[in-house]
Each structure stands twice: as C-alpha cells, then as structure tokens.
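Take a look at the structure below.
The values are calculated or read from the model by the stated rules, or taken from the named source; none is laboratory data. Source: prediction; values computed, not measured. Every residue, glycine as well, gets a Cβ built from its backbone with ideal geometry; the counts of neighbours run over all protein chains shown. Side chains included, ligands, DNA and RNA excluded: accessible areas come from the protein's heavy atoms. Shrake-Rupley method; radii C 1.70, N 1.55, O 1.52, S 1.80 Å.
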Amino acid sequence: MNVDDMAAIAFLLERKANIQAITVSTTGFSAQWAGVENALRLLHRYNRSDIPVAFQEGFVGQTQLNLKYPVGIPPPHWTDGSNKYFTDWISLKKSPKQAAWQSAAQLIVEVLSNSAEKVHFLELGPFTNLAAALHRDADAVRQIHTIYMEGGRLSPGSGSLRRLRGPGFPWTTATKPKNASWNVFVDAISASQVFAFGIPTMVVADNACDALVVDPGDSHEYGNANCTSFLTEIVLKWAPAHHEQWSNLKYWDPAVSVMMLQTLNQESLACQEWLESNLTVSLQNDDTYATFVQGQVGAPTNACLASNRASLLQTFYAGC
C-alpha cells in the first residue's frame, strides 16, 4: 500500500463512501504487514474500524511463472517510507481492531456473496487477491458491477504494437515494459486471469495521469486557501517520506477513486478522452509483457486517456 493508495482510501472515507472491505497483497508497494497496519490505523482515524482488513492468502509468488521472478520488486527503498507512514511521518493511533480472520480471497467472496446489489471493486494494487477470489467462487465474483483501476499506457489501436525482443525473464524493476502498469506487472498472471473473466472495467491510463503531477500547493489552489485537512497532510508528507522529487509523483490512485465516485454519483467525469475496447493482458516474453491488448475478447473497458486536472483536483480537495 503506497501513499497514493492511502490518499485514495482517505478521500473515499471523507466522502462517506460505502466501503465494505479492504484487502492487502504481498506484492504491493509496501510490506504486507505494514499495508494492513496502515489501513487499520487509517480506518481508526475516520472512526471506521468496522471495515475489515485482510491479508493475502497462501504464499508469496503463488501466481508467478517462477517463484524467483520478477526479482527486486518493489525494491526496499521504495517501500520504507510507506511502511512507516502512519507512525514516523504522520502519527496515527494504533487501531484496537485486529486484521480479519479471513484471508483476502475469503473476505472478497464473503462480501460479494452477501451483497444483494452489484458491488463496485476498486483495485488499487495487484490483482492477486481478486484472482484468488475468482478461483474460489467465480459465481460470487460475477456480483462485481465494475472494476476500477489506474495504470498502463493505452492509445487507439495499441493492440497491434510491433513486438520487440525485450530483456525478458528475469523481469526486474529496471526492465519493466514502459507501457505496463506496475500493478499488472508485479503479478501479470493474476491480472490476465481477471481480465480474461470479462468483468466490465474502467481504467484510468497512465496517459491520463501525465497532467496530474503532485504540487504541494494543490490543496490551496483547488481547495480552500486555509486547507488543513488530514487528506492534505497525507499528500504533503509523500515526497519527503520517499526522498522523492514532487515532479516524480502523480495522483495515480486518487484519480481513479475520484472518477469512480463521480461515476457512482452520476457527476461529470474528470476525463477528456475515452477509449472503449475489450482488453486482455499480454504474457508474451517480450516488450508487450504485462501490457494491455485491445481486441474482441477480454474485459469490456472504458479507458480514460486524458484527464481534466482542475476538475479532478477540485473534487479531490472538495473537503478542504
């Protein structure tokens, strides 16, 4: 669970979204123990400790082609700041609630099976947990109305990219294909299985986030000039916690959380260009690995290719 994931969840909590559960995987951009702990502390901060948080089931790498690959993902210096975010950088009280007794897959199936209405699924990390739920109970997973995610570069007709011989296995942080989503890349098989199942999906492509570079003055420009909200605090500690330049950080997962909520509330979406296509995930051992392929099969998808920065950030910081 990276800081943009935390900000996306905090945004939904501030907007009183009906969150049913949170699951954390072993291949996300924090240690799994830290991701679960940070989620519990964040929920406690918003008085929503009733929302269960679950660990991934099984063992690390259970869906990888080889248990050794990809290697070094994510590297420790990418995860240290996230691991300690709600202790060292923002001090949040420990939650009295423990992690759920169920595994992530069990919890997903339980929530879906018990829901009288279709459920909207926000995928902020790898597809590992959702794929595991799919394998447990495909009928329950059909209760998902739409999957919402950020990542991957798309353009009209990009399903017929010329394939080049890339570095191939063993994949590493340094060799990720440039058009691949990180959340797909770290467990491409799980993502491939979910997209092959064909659940309708909304993708906020990396293209749409090009205009969404984080600036520490954004909350004042797009919210209230005197904004001191907790959501703003989460964003403002991001760069220093990761020893990162602001220019390298974007509103990746906050963007998809905003567009999901705008969709559910039937508001105007902060998207300026859409692509409609069925998508699958390439598992070819070349520069298309973990990228989206357009065609006639797979998940029917609406992909946002260009966002409206002002509209999106005005919604994101509306609580200021």
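With contacts defined as alpha carbon pairs under 8 Å and 6 or more residues apart, what's the relative contact order of the chain in percent? Intermediate results must be reported in sequence, preceding the final value.
Working: 625 pairs, mean separation 70.2, N = 320.
Value for the chain: 22 percent.
Net charge near residue 230, counting Lys/Arg +1 and Asp/Glu -1 over other residues with Cβ under 9 Å of its Cβ?
Values: positive: 45; negative: 14, 233.
After counting each charged neighbour, the total is -1.
Please report how many Lys pairs in the chain have alpha carbons closer than 21 angstrom, counting only residues at least 8 apart along the chain or sitting on separate chains.
14
What residues have an amide H closer than 5 Å to that of residue 250, excluding those fewer than 5 places away on the same chain, when H is modeled at 1.01 Å from N in the peptide plane?
Result for residue 250 returns 214.
Does the stretch 273-320 come out rounded, prolate or oblate, given a ≥ b ≥ c as the square roots of the eigenvalues of its C-alpha gyration tensor, rounded meaning a/c under 1.5 and, failing that, prolate meaning a/b above b/c? Walk me through the intermediate numbers first.
Working: a/c = 3.49, a/b = 2.33, b/c = 1.50.
It is prolate, given that a/c is not under 1.5 and a/b is the larger ratio.
Could you do me a favour and compute the accessible area per residue for the stretch 178-320, 1.4 Å probe, result in Å²?
Working: 5590 Å² over 143 residues.
For the stretch 178-320, the solvent-accessible area averages 39 Å² per residue.
Using a probe of 1.4 angstrom, how much of the accessible area of the chain is carbon and sulfur, in percent?
Working: 6830 of 13910 Å².
In the chain, the share of accessible area belonging to carbon and sulfur is 49 percent.
Whole-Hz ³J(HN,Hα) for each residue in the stretch 115-122, computed from phi via Karplus 6.51 cos²θ - 1.76 cosθ + 1.60 with θ = phi - 60°, x for glycine and proline: what do you get?
So the J values, rounded to whole Hz, are 8, 6, 10, 4, 10, 8, 10, 9.
Can you give the local net charge around residue 253? Use residues other than it whose beta-carbon is closer than 14 angstrom to its beta-carbon, Lys and Arg +1, Asp and Glu -1. Working shown, then result.
Values: positive: 250; negative: 4, 5, 123, 150, 206.
Here the charged neighbours net out to -4.
Stretch residue 220-residue 78 to full length: gain in nm at 0.36 nm per residue minus the Cα-Cα span?
Numbers: separation 142, 0.36 × 142 = 51.12 nm, distance 2.80 nm.
Stretched out fully, the residue 220 to residue 78 stretch lengthens by 48.3 nm.
Provide the gained length on full extension for the span residue 273 to residue 145, in nm with one decimal, where the gain is 0.36 nm per separating residue minus the Cα-Cα distance. Let's see the in-between values first.
Details: separation 128, 0.36 × 128 = 46.08 nm, distance 2.25 nm.
Here the segment from residue 273 to residue 145 would lengthen by 43.8 nm.
Run lengths n ≥ 4 of DSSP H only: what is the helix-derived mean residue ellipticity at 222 nm for the chain, with -39500 (n - 2.57) per run over all residues, to the nearest 500?
On the way: 14 runs with 113 residues, N = 320.
Calculated mean residue ellipticity at 222 nm is -9500 deg cm²/dmol.
For residue 33 paired with residue 19, estimate the spin-label separation in nm (one decimal), with each label point 7 Å from Cα along the Cα-to-Cβ line.
2.3
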